1. Quick one: with all protein chains in place, what share of the accessible area of the stretch 36-171 is carbon or sulfur, to the nearest percent (1.4 Å probe)?
2. D89 accessible area, nearest 10 Å², 1.4 Å probe?
3. Note down the accessible area of D65, probe 1.4 Å, to the nearest 10 Å².
4. Roughly how many whole Å is it from the C-alpha centroid of the stretch 88-125 to that of the stretch 27-68?
5. Which of K39/K146; K98/K155; K56/K155; K56/K98; K39/K158 have a Cα-Cα distance over 22 Å?
6. Kindly report, to the nearest 10 Å², the accessible surface of E104 as traced by a 1.4 Å probe over protein heavy atoms only.
7. Please work out the average accessible area per residue across the stretch 71-171, using the 1.4 Å probe convention, and give it in Å².
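The values are calculated or read from the model by the stated rules, or taken from the named source; none is laboratory data. Bear in mind that the values here come from a model prediction, so they are computed numbers and not experimental data. For the accessible areas, the whole protein counts, side chains as well, though only heavy atoms, and no ligand, DNA or RNA atoms are used. Shrake-Rupley method; radii C 1.70, N 1.55, O 1.52, S 1.80 Å.
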Amino acid sequence: MKRLLTLFFLLILQGCATQPIYPQQVIISSDIPSEWQLKGRIGVVTQDKAQNFSFKIKFQQQAFDLALTGALGLGQVNIISQVGGLYIDGNISSLSLKQWMDQELGWHFPLQKLADIVFLHQLNIDDNWQVIISKYGPYRETSVAKVVRLTHQRKPIKVKLLLKEITPILD
C-alpha cells in the first residue's frame, strides 16, 4: 500500500512538472492614454518596516486621484493632485506628494512616472530608481506591466506593485 501511495504521489507531481511555459509577448505601446485608471496592491519594505496597501488611481491628463487602503481594509487616505495643489482627504496640503509620502508613510515612489513604466515599459525613469518589470499583461493591442519592482538606489526603499486592473476612463 505504501508503494502504491508513493507511486500515485510521484505521478501527480510529474503531471505538475509538465506544464508548458509560454514566453510572454511584450508589445510596447507608442503612446499613453490621457485618461486611465488602475487598481492593484502595493507592498513596501523599508529599513524599519513592511507595509501593504490596496490602491485605486485615476489619471486624467496631469491630474490624479489616488485612494490607498490599509491592510485588511483598515484605514483609507484619498489623495488628489490637481493644478490647484495636492489635497489629502479633502484638505489642501502645502507639501508635494513625495514630501507627504515621506512624512506620513516613511517612503515614496515615483507615482508621476507610473504611466511611463506601465505603458512604455521604461526601466530608466531616473537615477534614483531601479525598475524591474517581471510580468506583463494584455491591454488592447499592446501589453502593459503587471508586476513591477522598484528599488531606490540611495535609500532603503523597495516597492512591489501588483497591477490587477488597468482600464481606460470612459465618460
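1. Accessible surface attributable to carbon and sulfur in the stretch 36-171 totals 48 percent.
2. 90 Å²
3. Its heavy atoms expose roughly 70 Å² to the probe.
4. Answer, in whole Å: 9.
5. Values: K39/K146 11 Å; K98/K155 14 Å; K56/K155 26 Å; K56/K98 18 Å; K39/K158 20 Å.
As for pairs spanning more than 22 Å Cα to Cα, those are K56/K155.
6. Using a 1.4 Å probe on the heavy atoms, I get roughly 110 Å².
7. About 58 Å² of surface per residue is accessible.
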